[in-house]
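As structure tokens, the structure follows; a few thoughts come after it.
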Amino acid sequence: MATSLWRNWSGTEAVEPVRTVKPGKVNEIAAAVREAAADGLRVKAVGAGHSFSGIAAPEGVLVDMGDMDGVVRVDTETNVVTVEAGMPMWRLNKVLDAHGLALENMGDIDRQTVSGAISTGTHGTGDRYRGLAWQVSALQMVLADGAVVRCSPERRPELFAAARIGLGALGIITEVSIQCVPAFQLQAVETPMRLDAVLGGLDELVAENDHFEFYWFPHTERTLTKQNNRYSMEERKRRPTRLEYWWNEGFTENALFEASNRVGARFPQAVPSLNRLAGRVWSSRNYTDVSHRVFTSPRKVVFREMEYAVPREALAEVLRDLKARVDAGGFNVSFPVEVRFAAADDVWLSTAHGRKTAYVAVHQYHRHDYEEYFKAAAEICNAVDGRPHWGKLHWLDAKGLSERYERFDDFLAVRDEVDPERRFANSYLDRVLGA
Ligand SMILES: Cc1cc2nc3c(=O)[nH]c(=O)nc-3n(C[C@H](O)[C@H](O)[C@H](O)COP(=O)(O)OP(=O)(O)OC[C@H]3O[C@@H](n4cnc5c(N)ncnc54)[C@H](O)[C@@H]3O)c2cc1C
């Protein structure tokens, strides 16, 4: 297939692959991998390009997963749903809706592919809930020698433990089985609060809500808290009208926010006032909807992001330090800082591996400089043993990362076994895993 420049969503990466293939079947993927090996080329499976880091940059053969998007099996006895790996999350949600099922938890958008989302450790929020990869019960993959293999807790358990968050480094995932739950509704209560009140009452807010998160508006004391709680589909709840949906998700959080960011990019000294205004405009709401319509929103304002997973008990200190750095001056931050929560899990390269976690995500509008601000935030998070999101910007390398993951060497051992020639590597993986 003809090749052209590949760019990621946020515009931080642009690469011209040597060639692009768009397979529709597993054996075509296996053939593409064998041909790449014969030509001495590296191979990269690419999802929706929604990673901010160079993790998806295709330097040799780009394998576009867009045609691998079908339903393989829906088991209504076990609620395990198997789909082809390139299925976008929004389509997966439609499939699940049709069967009265849902994902247990989700991130805040639905544009990623299933395989892309699990491969970088995509997560949502909720003190008792875990990321998407933890909901995966089995995988089918094409390995570097072109072999098609399956893995699960029973079959090739080491490969499964590594490949659930495999960074695209172990092979090309072709099918994903996900343990789903019966469909449910979420009641969303969004309330402005002062930052010191949120930090003071954090334990209760996190424990008393199924899915708690908050946005802090830098240069201000304001936050917007989101308290989402689960209800069965039978309970009659008021759904937002189309107009309300458009006003909040279309106009306030996108069109108006884009305009405000453009003004901030032109007049950086106006950013603190714009943030105070945003803190007022993003005001109280109370509504209920099917879970994925509450978990996710459209994101039309283009931004750059770095996100660190920090030990839950270090969160208040991290935010106070970050606020002190912002208040000391030097950066104009027009995007809110997003704070989320997760239970500990056992996926080897999960940012929540083995500890209760809080996520601190810093963003900048794509026309603003981000580096100095992100590096200041990284320094604060690194000091508390923070782990950066694999799909978002950060500056750590294999040495720094190996100190943060108990099972890092086990992951490398599986990689040595299944991809000794580093067929699935790229520059980002050379940096974070070592060549
Ligand atoms: C607006 C926005 C909002 C976001 N919100 C969240 C959020 O709420 N929570 C969160 O945790 N993250 C979030 N992210 C990050 C995003 O979920 C991840 O970066 C995710 O990996 C993107 O999925 P993708 O399909 O675009 O994958 P890509 O970025 O295309 O690829 C990511 C990695 O997956 C690998 N991969 C893709 N397909 C396969 C396959 N079939 N086999 C093997 N490897 C494969 C690629 O090789 C690459 O290594 C957000 C990103 C954006 C832009």
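The values are calculated or read from the model by the stated rules, or taken from the named source; none is laboratory data. For clarity, every value in this text was computed on a predicted model and none was experimentally measured. In this analysis, Cβ positions are derived from the backbone assuming ideal geometry, glycine residues included, and neighbour counts consider all displayed protein chains.
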Residue within the range 130-151 that is in contact with a Cys (Cβ under 7 Å, 6 or more places away or on another chain), among the aliphatic types (A, V, I, L, M) and within 19 Å of A352 (Cα to Cα) present: no
Helices (runs of 4 or more DSSP H) (entirely within the range 396-435) containing at least 2 residues that are over 21 Å from E59 (Cβ atoms) and touching a residue at least 40 places away in the same chain (Cβ under 8 Å): 408-418
Hits in the range 98-143 - residues which are near the ligand (Cβ under 6 Å from one of its atoms) and closer than 26 Å to E417 by Cα: S115, G116, A117, S119, T120, T122
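Return the only residue of D345, D321 being among the charged types (D, E, K, R), at pLDDT 95 or above and touching a Gly at 6+ places or on another chain (Cβ under 8 Å). Lay out the reasoning, then the answer.
Details: D321 fails: touching a Gly at 6+ places or on another chain (Cβ under 8 Å).
On inspection, the qualifying residue turns out to be D345.
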Residue satisfying condition, being out of contact with any Pro (no Cβ under 6 Å at 6 or more places or on another chain) and over 30 Å from L396 (Cβ atoms), within set A138, A36, A48, A133: A138
Residues (under 16 Å from E253 (Cα atoms) and of a type in the set (A, V, I, L, M)) located in the range 270-306: L274, L277, A278, V281, V294, V301, V302
Residue match in the range 189-212 (condition: surrounded by fewer than 21 Cβ atoms within 10 Å (Cβ to Cβ) and within 16 Å of the ligand (Cβ to nearest atom)): no
